[in-house]
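What follows is a short report on a single structure.
Every number here is computed from the coordinates shown, using simple stated rules; none is lab data. Small disclaimer: the values here were computed from a predicted structure and weren't measured. We place every Cβ from the backbone using ideal geometry, glycine too, and count neighbours over all the protein chains shown.
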Amino acid sequence: MVAREVTLLPRHWDWLAAQPGGASAALRRLVEEARRSNEGADRAREAQEALYRVMSALGGDLPGFEEAIRALYAADDPRFDALISAWPDDIRAYVTRLAATERAARTA
């Protein structure tokens, strides 16, 4: 267990105190429920962030980089593919593999 500070409004504390097991147990249940229900979205966001970091490191100076990033965040896959099509083969191939992972996570 790790103790940390949480700032809530008084009505939130009142509600938590009335829950079975008290505030800590209620918060743990809420966090676990949120983790389960957001698992797919979290995976998609993490894949998108990883793709962004790779693209920034390897392709930040390449033509169409900024527009490709916009297409990535807009989930405009055809535009993204078109924008990176002129990139060097090795970079494009790596980015394309990561984009496939991001797309699979997004549509799962």
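From Cα pairs below 8 angstrom and at least 6 apart in sequence, can you work out the relative contact order of the chain, rounded to a whole percent? Contact order relative to length: 28 percent. Under a Gaussian network description of the chain, with springs only between Cα atoms under 10 Å, the residue in D76, D42, D14 that fluctuates furthest is D14. Of the labelled figures [x] 73; [y] 61; [z] 70, only one reflects percent of Cα pairs over 15 Å apart as derived from the coordinates, namely [z]. The length gained by stretching the chain between E66 and R79 to full extension, at 0.36 nm per residue less their Cα-Cα distance, is 3.5 nm.
Applying the criteria of a DSSP loop state and at most 15 other Cβ atoms within 10 Å to the trypsin sites (Lys or Arg not before Pro) of segment 1-78 yields R4.
The modelled label-to-label distance between L8 and Y52, using points 7 Å beyond Cα along the C-beta direction, is 3.0 nm.
For the chain, modelled as a GNM whose springs connect Cα atoms under 10 angstrom apart, the maximal fluctuation among L72, L51, L62 occurs at L62.
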